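Take a look at the structure below.
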Amino acid sequence: MVPIELVLFAFLIATAAIIAMVRDLLSAAMLFGIFSLLSAGMMLLMDAVDVSFTEAAVGAGISTVLILGALSLTDYAEKRSTQHRISGKLVVLATGGLLIYGTLDMPTYGDPAAPIHNHVAPEFVAGSRNKLEIPNIVTSVLASYRSFDTFGETTVVFTAALGAMLLLGGGLPRRAQSGTPDDAPDERGES
Amino acid sequence: MPRRSIHEVLILRVVSKGIFPFVLLFALYVQFHGDFGPGGGFQAGVIFAAGWVLYGLVFGLTELQKALPPRWVEIGTALGVLLYGGIGVWSMFAHGAFLDYNVLDHHSTVHGQHRGVFWVELGVGITVASVMIGIFYGFAGRRRVR
């Protein structure tokens, strides 16, 4: 029997290859959603349920809609590039090769002697049960042990949205200008 | 066959109207059950936003903004961060360090931790949901520029 991981990996690679080749951006957006769903499956098999959850919700859900929203403002077909640079392919291959080379130094997956499992993790695992009494260790690490980091992340999300809303106008309603393509900047600057 | 707008497809309207409350309910479950099961503020915020985005896709941006005005979304974006930081300030007023949840309950540090995690996750959830809906408003509210 073929392990499910191999099947998922094969599908992941196939999806990535098709995304790279396809010219229709609508198909690419849909394939990105499938790619995210497959990665969510991979995370689930690695027992990283929270990461898998996030990947499925953000990657396959929201970001697909946002890419489609962006596509509706532009063209659906990728511009065919006239020149095929060999240097670009070389850079991609070299980066990929270096990344694979880097993984050779990593401890094997699930190795209990790996450094990550022997630094602060035992304290977190014990503390989450005894001091915090929160069964989901991910939540106790994110929200309590690493609450400064999470505060920073929330602020980053806030700042990113601030920039996007200032650039895009925050979806403020603009009706009653039928027909005229408005390329003027947003009138309401208060967002 | 004439091309119909997505807003006119009856099956989509009926089905999405049926799904919509359950998506929001599931988001609330993920939000408030994050201590015990997978999930937390971030995932809950995204699912919550996805529910509203579904509503907006099927019924149109105007209908969505009638139900959820852009002004509220803007306020929510900041409110979540303020809530998170406010918990930190609260713990400082309770003679602890910034974001030290142990002092949030007089009787037990465990309850203090639970209280802190609950409100902090709620802050994350509010900000993430508002941000996602806000960015969707940003894209959907624009017209094609040539």
Could you work out how far helix B:70-93 tilts from the main Cα principal axis of chain B, as a 0 to 90 degree angle to the nearest 10?
10 degrees
Cross-link candidates for B:Lys66: which lysines have Cα within less than 24 Å, leaving aside residues fewer than 8 places away along the same chain?
B:Lys17
Against the longest principal axis of chain B, how steep is helix B:41-59, in degrees 0 to 90 to the nearest 10, with axes from Cα atoms?
20 degrees
Using the alpha-carbon atoms, what tilt in degrees (0 to 90, nearest 10) does helix A:147-168 show relative to the longest principal axis of chain A?
10 degrees
Which shape class, rounded, prolate or oblate, goes with region A:1-77 when its Cα gyration tensor gives a ≥ b ≥ c as root eigenvalues, a/c under 1.5 marks rounded, and past that a/b bigger than b/c marks prolate?
oblate
Three-way shape label, chain A, alpha-carbon gyration tensor, a/c 1.5
oblate
On a C-alpha basis, how far is the centre of region B:80-146 from the centre of region A:128-157 in Å? Whole number, if you could?
12 Å
Please list 3J(HN,Hα) in residue order for region B:122-130, calculated via the Karplus relation 6.51 cos²θ - 1.76 cosθ + 1.60 where θ = phi - 60°; whole Hz, with x for glycine and proline.
5, x, 4, x, 4, 5, 5, 4, 5
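How high is the relative contact order of chain A? Use alpha-carbon pairs under 8 Å, at least six apart in sequence, and give a whole percent.
12 percent
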Taking R0 as 22 Å and r as the Cβ-Cβ distance between A:Leu73 and A:Glu153, the FRET efficiency 1/(1 + (r/R0)^6), rounded to the nearest 0.05, comes to 0.15
Round to a whole angstrom and tell me the spacing of the C-alpha centers of region A:91-125 and region A:14-47.
24 Å
Residue (of B:Gly86, A:Ile4, A:Ser72) at the positive-pole extreme of the protein assembly as shown, dipole from beta-carbon charges
A:Ser72
Report, ordered by chain and residue number, the lysines lying within cross-link reach of A:Lys89, taken as a straight Cα distance under 26 Å and ignoring same-chain residues fewer than 8 apart.
A:Lys79
Summed buried accessible area for B+A [probe radius 1.4 Å, Å², rounded to 100]
4500 Å²
For B:Leu24, placing the label point 7 angstrom along Cα-to-beta-carbon and taking region B:65-93, residues whose amide nitrogen sits under 13 Å are B:65-69
Accessible area of chain A divided out per residue, in Å², using a probe of 1.4 angstrom:
67 Å²
Rounded if a/c is under 1.5, else prolate if a/b beats b/c, else oblate: with a ≥ b ≥ c from the C-alpha gyration tensor eigenvalues square-rooted, which is the protein assembly as shown?
oblate
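The values are calculated or read from the model by the stated rules, or taken from the named source; none is laboratory data. Worth saying up front: this structure is predicted, and the values here are computed from it rather than measured. For neighbour counting, all protein chains shown are included, and Cβ atoms are generated from backbone atoms with ideal geometry for every residue, glycine included. What goes into the accessible areas is simple: the full protein's heavy atoms, side chains included, and nothing from ligands, DNA or RNA. Shrake-Rupley method; radii C 1.70, N 1.55, O 1.52, S 1.80 Å.
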